[in-house]
1. Among the residues of the range 238-261, are any among the charged types (D, E, K, R), over 17 Å from LEU117 (Cβ atoms) and not in a helix (DSSP H, G or I)?
2. Would you check if LEU223 is under 19 Å from the mean Cα position of the chain (by Cα) and among the hydrophobic types (A, V, I, L, M, F, W, C)?
3. Please go through the range 42-83 and pick out each residue that is touching a residue at least 24 places away in the same chain (Cβ under 8 Å), in a loop (DSSP other than H, G, I, E, B) and either in contact with a strand residue (DSSP E or B) (Cβ under 8 Å, 6 or more places away or on another chain) or closer than 26 Å to LEU241 by Cβ (or both).
4. Cβ-Cβ distance below 7 Å, separation of 6 or more or different chains: which pairs start in the range 235-255 with a residue that is not assigned by TED's automatic domain parsing to the domain that holds ALA208 and end on one that is part of a helix (DSSP H, G or I)?
5. With the condition kept exactly as written, say whether any residue in the range 156-170 is more than 18 Å from the chain's Cα centre (by Cα) and among the aromatic types (Phe, Trp, Tyr).
6. Filter the range 285-310 for residues that are within 22 Å of the chain's Cα centre (by Cα) and either assigned by TED's automatic domain parsing to the domain that holds PRO62 or not hydrophobic (A, V, I, L, M, F, W, C) (or both); which is surrounded by the fewest Cβ atoms within 10 Å (Cβ to Cβ)?
7. Filter the range 196-254 for residues that are touching a Gly at 6+ places or on another chain (Cβ under 9 Å) and of a type outside the set (A, V, I, L, M) and give the result.
Amino acid sequence: MTAPEAPPGPERLGLRVLRPLLRALPHGFGGLLPVLELLRQELGEVFRLDLPGFRAVVVAGPEAIRQVLTGPPDVYRWRPEADPVARLMGRGVLVTDGAEHERLRRILEPANRRSYLEDRCRELWRLVDRLADGWQSGCCRDMLVEMRRITLTAFEHVYFSHDPGPELAELWEPVLSAVSYIGPGPWLVLGAAEPPPGAAHLRSYLTALIRRRRQASDPPDDLLTQVVRAVPDDGLAADQLLTMLIAGHDTCTAALSWTLYLLGLHPRWLNLVKAEVRETLGREPPEPGNIDGLVWLDRVVREALRLYPPIHVGMRLAGSTVTLQGYRIPAGTRIM
């Protein structure tokens, strides 16, 4: 029986795809996605992407994607050892495999249950009001900046029982540099550089929170306390908090920003959502008991997530040789 062949690659298409591919790299996945769609149209739902510092098999069809996402974790592994995300997050839960990943996930999972979030989100509307208090009617605000400010503050409130307050200004550039560092860019060709200097500032900030919490006589029951109790090593604990902070706040920032963008483009839906909020909440603050009645708002957010998913490309590493739609994928291959 003939062994399955390797997936096709962009060399079949020559300069027609190479030029736009190279032009797209400095602009992240926003520029790369149209090139990937062109490759999918020309090469099929499984194809190779070969760059000087980055080689991957791209999976773009639902059946193959399902196989990768639901397959055995020892076959489709998480940790890309030399990538920026692993260099930044260390042994964070998103870049570990096997028993270590399962242990870390069990530690973090209770803080992502709805019951945990409901108890801690009751006062978030006050926080949002405070942060939005300076917005003047008729003035322009950059919603990406404002949503990041809100999500960073809300994240620390919910998971660390901490208000960053004036510290937020000191964290701003380090956070932006970390987000930029792990995103797609020239490293796909040149290889990953060391984490930016701001990453050390973030680690120092989080380590200080960890050490203060270890000394607290009556700590709050939040994510920070759960990590501190279960992870005695400050470095490993900081890996988890940094992973949650960067990945958690950035995805929420993107989701909120795109939702507001779409509402701005579609005034009819904006008016519909505003009317629903007024009718459902009246003058009451949003709480777990009444937000479930915001049906249209829920649908708008879900549609924004469908159109502009915060994480639209995932990575795995083949832990052993696998076959995807008839193509042989050797062990060690990056699957995108």
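1. No, there is no match, as no residue in the range 238-261 is among the charged types (D, E, K, R), over 17 Å from LEU117 (Cβ atoms) and not in a helix (DSSP H, G or I).
2. Yes.
3. Within the range 42-83, GLU45, ALA60, GLY61, GLY71, PRO73, VAL75, TRP78, ARG79, PRO80, ALA82, ASP83 meet the criteria.
4. Nothing qualifies.
5. Taking every residue of the range 156-170 in turn, at least one turns out to be more than 18 Å from the chain's Cα centre (by Cα) and among the aromatic types (Phe, Trp, Tyr).
6. That would be ARG306.
7. Matches in the range 196-254: ARG203, THR207, GLY235, ASP239, GLN240, THR243.
Residue-wise test of (1) part of a loop (DSSP other than H, G, I, E, B); (2) modelled with pLDDT of 95 or more; (3) surrounded by fewer than 18 Cβ atoms within 10 Å (Cβ to Cβ); (4) in the same structural domain as MET89 (by TED's automatic domain parsing).
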{"residue": "ALA169", "(1), (2), (3), (4)": "no, no, yes, yes"}
{"residue": "LEU176", "(1), (2), (3), (4)": "no, yes, yes, yes"}
{"residue": "SER180", "(1), (2), (3), (4)": "no, no, yes, yes"}
{"residue": "ALA193", "(1), (2), (3), (4)": "yes, no, yes, yes"}
{"residue": "SER204", "(1), (2), (3), (4)": "no, yes, yes, yes"}
{"residue": "ASP221", "(1), (2), (3), (4)": "yes, no, yes, yes"}
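The values are calculated or read from the model by the stated rules, or taken from the named source; none is laboratory data. Since the model is a prediction, treat every value here as computed from it, not as a measurement. For neighbour counting, all protein chains shown are included, and Cβ atoms are generated from backbone atoms with ideal geometry for every residue, glycine included.
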